[in-house]
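Report on one structure; see the data block that follows.
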Amino acid sequence: MTSLQQDPAGLLAAERALMPRREFLPFSPPLIGEEEISEVVDALRSGWITTGPRTKRFETEFAGFLGAPGALALNSCTAALHTALVTLGVGPGDEVITTPMTFAASVNVIEHVGARPVLVDVEPDTLNIDPAEIAMHLTPRTKAIIPVHFAGHPVELDSVVELARRHGATVLEDAAHALPARYRGRRIGAGRNPVAFSFYATKNLTTGEGGMLTGDQEMLDRARVVSLHGMSRDAWKRYDKGGKWQYDVLLPGFKYNMTDIQAALGLWQLRKLERFDARRREVVAQYTSAFADEAALVPPTARPEVDHAWHLYVLRLRPEALRIGRDEFIEELGKRNIGTSVHFIPIHLHPFYREKYGFRPDSFPIAHANYLRMLSLPLNLRLSDQDVADVIAAVLDVVRTYRR
Ligand SMILES: Cc1ncc(COP(=O)(O)O)c(C=O)c1O
């Protein structure tokens with residue numbers, strides 16, 4: 001609609017843009033199509049509802065999409081990270097370097113295996129782990145580095161991988177946000193090192209709950225045993241024709257397998273992923289062009305060597321340009337019926353980590369300062385162009401109202 005065309009209510013587009021939304025715009029609802037629903041129904045009717053043929057197919061197609069050596073479907077990204085650490089033999093006495101600008105899962109798994117998380121600060125532009133900080137915190141005990149591709153922007157992998165190689169540490173990528181991102185032309189998850197993806201309800205591809213571990217096939221074969229009770233052979237086949245009832249328990253493994261009901265969703269979401277990606281980019285382009293000239297706002301950027309997966313649109317405020325802080329800014333957007341979120345409350349501010357490791361807010365000054373001024377705008381596949389216009393209008397209205 002051009003600004004002079006009328007909508008069904010007889011309003012000009014320019015007038016409509018100035019009106020607050022009547023209905024609340026949720027931050028990140030999933031988009032599930034009829035294809036996913038039919039595939040789930042087929043799985044339910046098939047008589048095989050746990051790990052089975054659809055999970056196998058999802059693993060193969062996912063690995064094919066990325067160009068990965070192999071893929072292991074699990075019930076969450078947390079499970080994938082935990083399984084990978086156990087498979088790598090990380091345990092008590094070891095250190096694992098990661099970022100405070102992440103969800104608790106990335107760090108909790110280090111605690112789960114009894115190792116020590118070593119947090120290091122982030123880069124001011126991408127908010128990804130800073131390789132220079134990693135270099136200062138490597139010790140002979142560093143067994144792994146868990147870089148998180150924050151918001152879907154790949155970390156500076158060349159530097160991280162080189163540092164890890166020199167110290168004999170493994171890079172376990174937390175790619176919960178990074179599907180389908182590329183670093184220097186190669187998909188995140190296409191390499192031999194372990195990479196963990198999330199298919200949680202808000203993610204770029206969802207199976208409700210779910211995750212995938214990609215990497216070297218020999219590592220994945222061991223991870224498969226770790227992830228399913230430590231059982232030898234393809235235990236999931238043991239109830240099928242020709243399946244063997246015998247198995248050995250080789251170690252006290254976990255119960256982390258994906259079900260065929262989840263995989264049914266994933267198969268179709270994967271087929272739609274490129275289309276989903278294109279739509280996310282359109283929304284991002286509209287937000288960024290609307291906010292680029294506004295002195296109170298700092299839109300996210302993408303470095304030239306990456307293809308950003310745009311899982312999150314993290315807008316930063318310039319506190320010196322506004323009379324309100326981030327929390328009030330979020331409240332004002334809520335009053336205008338716009339749902340937002342904050343990614344993330346840095347790990348070192350959470351009581352467990354703060355108390356166990358004696359962190360102060362300024363232990364990681366860049367993470368902390370950015371936390372205080374960031375908010376995530378709705379970026380999902382259910383947004384209409386009108387929704388995007390409403391978000392932009394609401395953000396600019398709050399800025400205009402509270403400009404210093
Ligand atoms: C950076 C990051 N890592 C890990 C996870 C955990 O993913 P899951 O919920 O699939 O276990 C999340 C979840 O939101 C995340 O944002």
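The values are calculated or read from the model by the stated rules, or taken from the named source; none is laboratory data. Quick caveat, the model's predicted, so the values are computed rather than measured. So basically every Cβ, Gly included, is an ideal-geometry build from the backbone, and we count neighbours across all protein chains shown. Ligands, DNA and RNA are excluded from the accessible area calculation, which covers all protein heavy atoms including side chains. Shrake-Rupley method; radii C 1.70, N 1.55, O 1.52, S 1.80 Å.
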(request) Look at I37 and say whether it is farther than 23 Å from Y256 by Cβ and loosely packed, with under 14 Cβ neighbours inside 10 Å. (result) yes
(request) For residues that are of a type in the set (G, A, S) and open to solvent by less than 10 Å² (accessible area, probe 1.4 Å), scanning just the range 148-166, find the one that is nearest to D130 (Cα to Cα). (result) A164
(request) Would you point out the residue of the range 217-233, among those that are in contact (Cβ under 8 Å) with a residue 60 or more places away in the chain and of a type in the set (K, R), that is least open to solvent (accessible area, probe 1.4 Å)? (result) R224
(request) Confirm whether L31 is more than 20 Å from the chain's Cα centre (by Cα), surrounded by fewer than 19 Cβ atoms within 10 Å (Cβ to Cβ) and away from the ligand (no atom under 16 Å from the Cβ). (result) no
(request) Could you grab me the full set of residues in the range 198-216 that are within 22 Å of G70 (Cβ to Cβ), among the aliphatic types (A, V, I, L, M) and near the ligand (Cβ under 10 Å from one of its atoms)? (result) M212
(message) So, in the range 191-224, how many residues would count as being over 23 Å from E36 (Cα atoms) and out of contact with any strand residue (DSSP E or B) (no Cβ under 7 Å at 6 or more places or on another chain)?
(response) 8
(message) Condition first: open to solvent by 40 Å² or more (accessible area, probe 1.4 Å), part of a helix (DSSP H, G or I) and farther than 23 Å from E59 by Cα. Now tell me which residues in the range 246-287 satisfy that.
(response) A278, R279, R281, E282, A285, Q286
(message) Just checking: which of the helices (runs of 4 or more DSSP H) contained wholly in the range 70-176 hold 2 or more residues that are near the ligand (Cβ under 10 Å from one of its atoms) and of a type outside the set (F, W, Y)?
(response) 77-88, 104-112
(request) From A14, A80, grab the single residue that is modelled with pLDDT under 95 and open to solvent by less than 60 Å² (accessible area, probe 1.4 Å). (result) A14
(request) Among the residues of the range 64-92, write down those that are without any contact (Cβ under 8 Å) to a residue 40 or more places away in the chain and either under 17 Å from the mean Cα position of the chain (by Cα) or closer than 16 Å to G191 by Cα (or both). (result) G64
(message) Restricting to the range 177-216, name every residue that is in a strand (DSSP E or B) and open to solvent by less than 10 Å² (accessible area, probe 1.4 Å).
(response) V195, A196, F197, G211, M212, L213, T214
(request) Select from the range 49-60 the residues that are open to solvent by 40 Å² or more (accessible area, probe 1.4 Å) and in contact with a helix residue (DSSP H, G or I) (Cβ under 6 Å, 6 or more places away or on another chain) and list them in ascending order. (result) I49
